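S.K.: My questions all concern the structure below.
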Amino acid sequence: MQAASPALRLTLSVAEAMAPPPPAFPAETPLGAVLDGLRAARDSAALALDEAGRPIGILTEQDIARRVAFRLPEGAPLSAAMSAPLITCAPDAGLWRAVALLRAHRLRHLPVVDGTGRCIGMLHRAAVLAAVSGRMLHHLDALAGDDAAVKAAQAGLATALLDEGIPAPALVRLVSGINLELHRRVLDRALADGPPPPLGFTLLVMGSAGRGESLLRPDQDNGLILEPYPDAAHAEVDAWFRPMTERFNAGLEAAGFPLCPGGIMARNPLWRKTRAQWEAQFALWARRRSGAALLFADIAFDFRGIARTGPVAGDPAAELRAAIAPILAANPALLGALAAQDQRLRVGLTLWGGFSDDEPGPGARTDLKLHGLMPLVAATRLLALQHGVAETGTPERLEALSARGVIREGEALGTAFALLLEALLRQQLADHAAGLPPGNLVDTAALPKADRAALREALRAIRRFAKASFAGFTGELW
C-alpha cells in the first residue's frame, strides 16, 4: 500500500493493496500434499481450484485446526476440509468494500479474482485493517449491508475521513466508488430476477458518475452498450431489455439515486444501443448541434463502462471512446456549439468580487456546483475532447492537458477544483446532519476569512480559464 496516510488507503482499489495469490491446488489434492505446499510457501491459506483453475474454496489455519488435525487423514482430498462457498472480491473494487466484506463475514483472507474467475491476489485481514482507524469501522460495517444502508453510510464515512484530513478529491473518488459498487449490485439483482440475457452488454455511467466526481446525492445518468445482433432479432432483444432496465433503474432509485429528470437512463431506448448505433448517435448529435442534442452529448461525453455481462468482445466502452475522435474531427462545429452553450455558465462572483446570491428568498448562499465546478468541468471537457484525451475525470484531464502543453494553469485549477469539492462536500454533510437533502448552496459567509479568500481566488482562476477556453472555440468573449 503506497498511500501516505492510513485513512487515505481506503480510497485505493483492491488491486493496489492486494498481496500475491496464495498456493492453489486442485480440489482433489491430498491434504498431506497441500500442507507440505503451505509449509514450503510459508503461507497461511491455500485455495482449492476447479477443473478450469478457478477457486472454489479456501483452506486456512483455522480450517486445519478444526477439520484436519486429529480428524482427517493425510490422504483425504482438499475438498473435504476447505471452506466453501468462497467469498471473493474484484480487483477494481474499492478497498473500503474489502474491509466491509472481511468484517461482515469474519474472514481472515479474501481472494481477489479477475473477470474469468481466476485468483490474481489475496487480501489479508490484519494488513487491510491496519489501514483503518477504529472510529471508522462502524461506518465501514454498514457498507456490507443492503443498498439503502450503504448509501446512508456514505455520509458518516465521509465525515470521519474529512476529520482524518483526507483531501476532498480522494474522498469524492471514494464516494463515487461506493456509488458505482451500488450500481453493480443493483444490476446483478435486476439480472437475477429475470431470464438470462439474450446477448452481452456493458453498463455505462455518464455525467458526474462517469467522471468519478459524484457527491452525496447524484441522480442517475446511465446507459448500455449492447453486443451486435441482427436487425431481425430486435423485437426479441428489446422485449428482454425493457423489463430488466426498468428493474435496474427502479432499484437505483430505491437505493438513493433519483431518477434522471431528462430520462438519461438505461430504461430509455435512446440510451441502450450497440456500439455501431452509439457511433451513429454521436455523429447525429454532432450534425444537429442544437437543443437536446447538445445537452445529451455534453452528458454522454463523460461516459465510462463499469460492468460487463455475458459474452462481451473486447472493451466496448474504450472502443467507443476511440471512435469519437474521428467523429469530432469530421464535425468541428460541435465543440463550438457546446462552448457557446457552456458560455452561459457563470462563475459565482459579483462584479465587485463578492460571492453571488443564488438562494431564493432571504438567504444569500452560492451554488458552487452550478457556478463553480460546472464552468471548470465544461471547459476542461471541451479541451480534452479537442486534444483526444481519453480520461474522463476533471483532475486527470487537467493533468493530461498540462502534460501536453495545452494549458499552463493546471496545478492552480486542480487546487481550485479541490477547494470547491471540499466546500460542497462539507455543505452537503451539514445538510445531511440537519435532516435535509444534500444540496449545492454553500453559505460562504460562514467560512473562515482565509477560506473565503482562497475560494474567491479559486473562482477567479476558473473564470479566467473558462472564459479563455470557451472563446477559443466560439471567438466570442463573455
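S.K.: So Gly223 ticks every box in (1) of a type outside the set (A, V, I, L, M); (2) modelled with pLDDT of 95 or more; (3) assigned to a helix (DSSP H, G or I); (4) within 23 Å of Ala90 (Cβ to Cβ) but one. Which box is left unticked?
M.R.: Going through the list (1) of a type outside the set (A, V, I, L, M); (2) modelled with pLDDT of 95 or more; (3) assigned to a helix (DSSP H, G or I); (4) within 23 Å of Ala90 (Cβ to Cβ), Gly223 breaks only (3).
Residue-by-condition table, conditions (1) on the phi > 0 side of the Ramachandran plot; (2) modelled with pLDDT of 95 or more; (3) part of a loop (DSSP other than H, G, I, E, B):
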{"position": "Pro169", "(1), (2), (3)": "no, no, no"}
{"position": "Gly194", "(1), (2), (3)": "no, no, yes"}
{"position": "Thr202", "(1), (2), (3)": "no, yes, no"}
{"position": "Pro228", "(1), (2), (3)": "no, yes, yes"}
{"position": "Trp240", "(1), (2), (3)": "no, yes, no"}
{"position": "Met244", "(1), (2), (3)": "no, yes, no"}
{"position": "Asn249", "(1), (2), (3)": "no, yes, no"}
{"position": "Met265", "(1), (2), (3)": "no, yes, yes"}
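S.K.: Within segment 327-340, is even one residue surrounded by fewer than 19 Cβ atoms within 10 Å (Cβ to Cβ), in contact (Cβ under 8 Å) with a residue 12 or more places away in the chain, in contact with an Asp or Glu (Cβ under 9 Å, 6 or more places away or on another chain) and more than 30 Å from Asp188 (Cβ to Cβ)?
M.R.: Within segment 327-340, one or more residues are surrounded by fewer than 19 Cβ atoms within 10 Å (Cβ to Cβ), in contact (Cβ under 8 Å) with a residue 12 or more places away in the chain, in contact with an Asp or Glu (Cβ under 9 Å, 6 or more places away or on another chain) and more than 30 Å from Asp188 (Cβ to Cβ).
S.K.: Quickly run through segment 18-48 and pick out the residues that are touching a residue at least 40 places away in the same chain (Cβ under 8 Å) and either among the polar types (S, T, N, Q) or in a strand (DSSP E or B) (or both). Walk me through how you get there before you give the answer.
M.R.: Filtering segment 18-48 for residues touching a residue at least 40 places away in the same chain (Cβ under 8 Å) gives 18-22, 24-32, 34, 44-45, 47.
Ala19, Ala24, Phe25, Pro26, Thr29, Pro30, Ser44, Ala45, Leu47 - these are the residues of segment 18-48 that are touching a residue at least 40 places away in the same chain (Cβ under 8 Å) and either among the polar types (S, T, N, Q) or in a strand (DSSP E or B) (or both).
S.K.: What number of residues within segment 171-206 satisfy the criterion of being out of contact with any strand residue (DSSP E or B) (no Cβ under 9 Å at 6 or more places or on another chain) and buried (at least 20 other Cβ atoms within 10 Å of the Cβ)? Steps first, answer last, please.
M.R.: First pass over segment 171-206, keeping only residues out of contact with any strand residue (DSSP E or B) (no Cβ under 9 Å at 6 or more places or on another chain): 171-172, 175-176, 182, 185-186, 189-190, 192-196, 198.
Filter again for buried (at least 20 other Cβ atoms within 10 Å of the Cβ), leaving 171-172, 175-176, 182, 186, 190.
Residues in segment 171-206 being out of contact with any strand residue (DSSP E or B) (no Cβ under 9 Å at 6 or more places or on another chain) and buried (at least 20 other Cβ atoms within 10 Å of the Cβ): 7 in total.
S.K.: Considering only residues that are in contact with a helix residue (DSSP H, G or I) (Cβ under 6 Å, 6 or more places away or on another chain), assigned to a helix (DSSP H, G or I) and either surrounded by fewer than 19 Cβ atoms within 10 Å (Cβ to Cβ) or charged (D, E, K, R) (or both), which ones fall in segment 273-292? If you could, list the steps in order and put the result at the bottom.
M.R.: Here is the first cut: in segment 273-292, the ones in contact with a helix residue (DSSP H, G or I) (Cβ under 6 Å, 6 or more places away or on another chain) are 275, 278-279, 282-283, 285-286, 289.
Cutting the leftovers down to assigned to a helix (DSSP H, G or I) gives us 275, 278-279, 282-283, 285-286.
If the condition is that a residue be in contact with a helix residue (DSSP H, G or I) (Cβ under 6 Å, 6 or more places away or on another chain), assigned to a helix (DSSP H, G or I) and either surrounded by fewer than 19 Cβ atoms within 10 Å (Cβ to Cβ) or charged (D, E, K, R) (or both), then Arg275, Glu279, Ala283 are the ones that fit.
S.K.: Please report, ordered by residue number, the helices (runs of 4 or more DSSP H) entirely within segment 366-478 with at least 1 residues that are surrounded by fewer than 16 Cβ atoms within 10 Å (Cβ to Cβ).
M.R.: Numbers: elements: 374-386, 394-403, 410-433, 449-474.
The qualifying helices (runs of 4 or more DSSP H) are 394-403, 410-433, 449-474.
S.K.: Of all residues in segment 205-220, how many are of a type outside the set (Lys, Arg), touching a residue at least 40 places away in the same chain (Cβ under 8 Å) and assigned to a loop (DSSP other than H, G, I, E, B)?
M.R.: Qualifying residue count for the region: 8.
S.K.: Name the single residue, out of those in segment 61-94 being assigned to a helix (DSSP H, G or I) and touching a Ser or Thr at 6+ places or on another chain (Cβ under 7 Å), that is nearest to Thr29 (Cα to Cα).
M.R.: Here the residue is Leu78.
The values are calculated or read from the model by the stated rules, or taken from the named source; none is laboratory data. Every value quoted in this text rests on a predicted model; they were computed, and no experiment measured them. No Cβ is skipped: glycine too gets one built from the backbone with ideal geometry, and neighbour counts run over all protein chains shown.
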